[in-house]
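The values are calculated or read from the model by the stated rules, or taken from the named source; none is laboratory data. Given the structure is predicted, the values throughout are model-derived calculations rather than measurements. Neighbour counts run over all protein chains shown; Cβ positions are idealised from the backbone, glycine included. Note: areas computed on protein heavy atoms with side chains; ligands, DNA, RNA excluded. Shrake-Rupley method; radii C 1.70, N 1.55, O 1.52, S 1.80 Å.
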Amino acid sequence: MAAGKGQEGVEVAEETQGTATMTFPFPYTPYPIQEEFMNKLYQVLEAGKIGIFESPTGTGKSLSLICGALTWLHDFEEKKRQEEARLLTAELGGEDTTEQSEKGRPESIDEQVSSAEPEWITQFVQKKEEREATHRLKEEQARRKKREERLEQIRHNVQLKYASKRKKLEEEEVEHLLQLSKDVLSNQGELGGLEPLDQNEEDLILAEYESDEEKKVSNRLSKEEEEDDLEEEHVTKIYYCSRTHSQLAQFVHEVQKSPFGKKTRVVSLGSRQNLCVNEEVRRLGAVQLINDRCMEMQKNKHEKKSAEEGAERKKRRLSRAACPFYSYENMQFLRDEVLVEVKDIEELVALGKEAKACPYYGSRFAVPAAQLVVLPYQMLLHEATRNASGIKLKDQVVIIDEAHNLIDTITCIYSAEVSGSQLFCAHSQLLQYMERYRKRLKAKNLMYIKQILFLLERFVTVLGGNVKQNPNTQSIPQTGAQLKSINDFLFQCEIDNINLFKVQRYCERSLISRKLFGFAERHKVSGALKSRPEERKMAGLQNFLQNLKEQPRKPGIPQSLPEEAEDGPPKMASPLMHIEGFLAALTTANQDGRVILTKQGTLAQSSLKFLLLNPAVHFAKVLKECRAVIIAGGTMQPVADFREQLFTSVGVGAGRIEEFSCGHVIPPDNILPVVLCSGPSGQQLEFTYEKRNLPQMMDETGRILRNLCNVVPGGVVCFFPSYEYEKQVYAHWEQTGLLARLTAKKKIFQEPKRANQVEQVLAEYTKCIKRCSHAGAALTGALLFSVVGGKMSEGINFSDNLGRCVVMVGMPYPNIKSPELQEKMAYLDKTMPKIAGQTPGRTLIENLCMKAVNQSIGRAIRHQDDFASIVLLDHRYARPAVLSKLPQWIRSRTQVKAAFGPAFAALRQFHCEKRSVAESGRA
């Protein structure tokens with residue numbers, strides 16, 4: 001509800017907001033920009049709007065979000081309590097309630113009486129509504145009181161807590177002994193029949209599958225019985241999301257240190273991979289395997305509680321393991337502990353081990369009563385995961401931090417890619433599984449398995465392959481990429497008559513990929529069992545030749561073992577897990593996605609990729625349900641993409657969207673951004689794809705860096721548009737001797753392609769700069785070659801001496817020849833209007849480029865006393881349309897220099913002054 005538009009007691013807040021003098025609890029005196037941020041945040045939440053907030057790193061964005069949002073939440077709860085008390089007091093007054101109600105809205109009642117029902121009917125309806133509202137308020141008040149009393153008891157009564165733990169341990173011991181007895185008895189009564197299988201292999205056989213229609217009645221009854229006591233009303237809360245678990249942990253620590261740390265119920269949610277405490281499950285490693293095994297064990301637990309359904313099924317159920325940590329009582333205990341004291345993921349896991357309770361499910365039980373829920377992007381943005389996690393967004397607040405790549409994140413979550421090798425392996429494994437257990441599988445299971453086999457065969461065929469031949473040796477005659485609409489792809493595959501929704505549900509509920517994984521592990525089933533010895537030799541020779549092509553080690557890049565190679569999805573024995581995601585993607589509406597068929601040398605190298613074109617269709621559900629949504633980040637410019645691609649395209653009015661961008665806490669003279677249009681020899685700097693490979697352009701870049709290294713102390717970070725171009729420039733400088741001249745001033749490091757090497761390179765880079773900071777050192781620091789969009793352009797701080805100058809070589813436009821990008825541009829041109837005479841597709845290209853630039857150049861300034869220069873090497877940065885897309889705090893201080901001389905003079909003066917200030921400070 002907007003401030004001042006309804007309840008009594010809101011007027012004060014409105015007056016203070018209007019004069020911008022509202023005070024927020026804060027651990028120290030906030031910067032003026034933090035006060036502005038919190039005021040604006042409070043207003044957006046109160047008015048139920050969508051806010052795009054930009055606050056540069058180093059300006060205390062996390063604390064501003066915590067204190068601004070939680071102040072609003074506590075105020076909102078207080079107003080709600082006051083309103084409840086007023087209504088309940090009025091109800092005790094009996095007849096006066098009606099009179100007050102009539103006085104409160106005279107005009108509307110007069111209008112109703114004159115135009116519609118008789119007065120006695122109106123009064124009867126009104127009284128009934130009031131009685132119902134009062135009854136609801138009493139129930140809610142009772143629930144809240146009960147919850148608060150329970151949490152208060154846990155907070156103060158430590159003896160009770162440990163007594164309950166001892167009791168649980170005793171009960172577990174008794175249950176364990178009973179289970180051992182049952183197992184002994186069941187093993188004595190073995191049943192004959194089919195070919196005997198050991199207990200482990202029994203687990204691999206699919207349980208009888210019931211379709212939705214058959215399951216409706218029984219499922220509804222069992223679900224109601226199971227979940228009746230688990231269902232709890234959700235209080236108004238804030239969902240805070242960020243990209244990584246480390247960012248979330250950092251946020252939780254900020255909450256703990258804030259004035260709200262002791263009085264806010266905070267729950268941290270995470271994936272099973274991060275929260276599982278069952279070592280047997282954790283050992284599986286891969287996310288999908290952990291998820292499937294967990295669900296299977298949970299299913300076994302429920303099955304054991306259900307009525308007996310025949311001797312054979314009873315025997316099979318007893319052979320399956322149930323998770324010892326999935327104990328309702330223990331998880332309730334963990335839930336209460338979580339609500340009493342703020343805990344991060346690590347503390348939650350430690351508590352789970354101690355209490356013998358599952359942190360994954362225990363934390364989910366705490367969600368309804370929580371006031372602040374901290375969770376990763378994936379959990380909130382992916383609808384199925386959101387529902388499974390018990391997240392209800394109706395009338396709640398969502399804050400998405402580090403949201404600069406929100407559009408890409410949604411696109412990636414709902415996109416999927418499968419290789420020809422994975423399709424072949426899945427088909428081979430599933431076929432062998434069906435043949436082995438054909439006599440034991442029920443008719444419905446066989447029907448779905450055959451459907452999946454048919455789908456896999458058609459996918460391989462459409463790539464030009466054959467499921468009966470080895471994918472590594474099957475050559476594909478016509479290479480290249482083809483784009484298809486979803487319907488065209490289904491017609492081409494001849495699978496448009498198959499209900500993919502049902503197949504998808506079958507895969508989810510039957511856990512077939514988990515069974516297939518167990519089967520492949522047990523029988524060492526691979527996807528290419530029938531490959532001939534000469535084919536295997538040929539594959540080995542190709543690998544050997546590939547290894548010979550590997551480049552020798554370069555300075556600044558540590559050697560690593562081959563098995564630690566590239567980042568990517570973990571290798572799975574059951575590729576069907578990967579394919580399930582692709583099948584789910586094919587159920588998207590035809591206009592919102594495309595399928596890309598990429599045919600390369602062999603079937604194994606070829607792939608099918610689903611590309612989501614309209615991320616707004618998935619984000620719209622979040623916007624529709626929530627009271628307010630805040631997307632925040634250090635560098636949100638250009639914000640037009642968020643406004644147009646996520647909000648206005650799904651009907652969000654311009655009046656509901658609020659934008660806020662604050663300056664930096666550093667003094668204006670602590671940063672010097674320079675657009676450099678030409679180099680020392682007068683060569684115009686234009687790093688277009690056609691011109692950047694010219695020797696004179698690479699030479700000019702080298703000369704600029706040499707000059708900068710002469711005047712900039714400490715670290716210089718130089719960003720190139722791609723790994724390939726950085727490699728090309730490096731080789732050219734090696735050949736011309738320019739690299740040796742650069743090395744005489746600063747030691748050179750290169751960003752590694754492998755994520756597991758980044759920490760080592762950064763550590764060596766940091767050590768070098770520290771060594772060089774001492775007087776009399778031969779070198780003045782270090783020079784780090786990085787790549788835009790690489791491992792070091794996001795999330796890594798080059799504060800203080802680590803980044804006294806950031807150089808951006810050219811404008812890092814994305815590859816416009818990419819089929820995915822071309823299709824996205826075509827989609828935007830078709831569905832959105834032109835902006836300032838420019839097509840939406842062209843605007844997208846520019847915005848992607850500038851988002852990457854902003855992320856990279858924001859690495860240097862990290863706190864109030866930091867200083868750095870930023871040098872943009874390309875005359876195109878001087879265009880007003882491009883300059884306008886830089887963050888406001890950088891744009892307002894940017895100097896455009898047509899010639900190198902004036903630019904170099906300004907940079908030299910800047911660093912000389914800073915050096916003098918630093919030396920006088922030390923003296």
*Quick one: ALA69 ticks every box in (1) at pLDDT 90 or above; (2) under 15 Å from VAL398 (Cα atoms); (3) out of contact with any strand residue (DSSP E or B) (no Cβ under 8 Å at 6 or more places or on another chain) bar one, so which box is it?*
(3)
*Counting residues that are open to solvent by 30 Å² or more (accessible area, probe 1.4 Å), which helices (runs of 4 or more DSSP H) fully inside region 362-437 reach at least 3?*
383-388, 406-413, 420-437
_Please go through region 807-842 and give me each residue that is open to solvent by less than 30 Å² (accessible area, probe 1.4 Å), under 23 Å from VAL787 (Cα atoms) and not hydrophobic (A, V, I, L, M, F, W, C), ordered by number._
GLY810, PRO812, SER818
_Residues located in region 438-451, provided they are open to solvent by 40 Å² or more (accessible area, probe 1.4 Å) and not in a helix (DSSP H, G or I)_ = ARG438, LYS439, ARG440, LYS442
_Extreme residue, farthest from SER415 (Cα to Cα), among residues of region 589-613 that are open to solvent by 30 Å² or more (accessible area, probe 1.4 Å) and assigned to a loop (DSSP other than H, G, I, E, B)_ = GLY601
*Pairs where the first residue, in region 457-481, is closer than 28 Å to ILE498 by Cα and the second is open to solvent by 90 Å² or more (accessible area, probe 1.4 Å), C-beta under 7 Å, 6+ apart*: ARG458/GLU494; GLY464/PRO477; GLY464/GLN478
*Just a yes or no: is a residue in region 677-688 open to solvent by less than 60 Å² (accessible area, probe 1.4 Å), in contact (Cβ under 8 Å) with a residue 40 or more places away in the chain, assigned to a strand (DSSP E or B) and under 29 Å from ALA899 (Cα atoms)?*
yes
*Provide a single number: the residues in region 717-741 that are out of contact with any helix residue (DSSP H, G or I) (no Cβ under 6 Å at 6 or more places or on another chain) and closer than 22 Å to ASN801 by Cβ.*
1
_Sole exception among (1) more than 14 Å from the chain's Cα centre (by Cα); (2) within 30 Å of LYS824 (Cα to Cα); (3) not aromatic (Phe, Trp, Tyr) for HIS382, by number_ = (1)
*Being touching a helix residue (DSSP H, G or I) at 6+ places or on another chain (Cβ under 6 Å), open to solvent by less than 50 Å² (accessible area, probe 1.4 Å) and not in a loop (DSSP other than H, G, I, E, B) is the filter here, so list the residues in region 743-760 that pass it.*
LYS746, PHE749
*Of everything in region 240-260 that's part of a loop (DSSP other than H, G, I, E, B) and among the hydroxyl-bearing types (Ser, Thr, Tyr), which residue is farthest from THR71 (Cα to Cα)?*
THR244
*Test GLY651 against the criterion of being over 30 Å from ASN756 (Cα atoms), open to solvent by 20 Å² or more (accessible area, probe 1.4 Å) and modelled with pLDDT under 85, and give yes or no.*
yes
*Of all residues in region 489-502, which are modelled with pLDDT under 90 and either open to solvent by less than 70 Å² (accessible area, probe 1.4 Å) or touching a strand residue (DSSP E or B) at 6+ places or on another chain (Cβ under 9 Å) (or both)?*
ILE495, ILE498
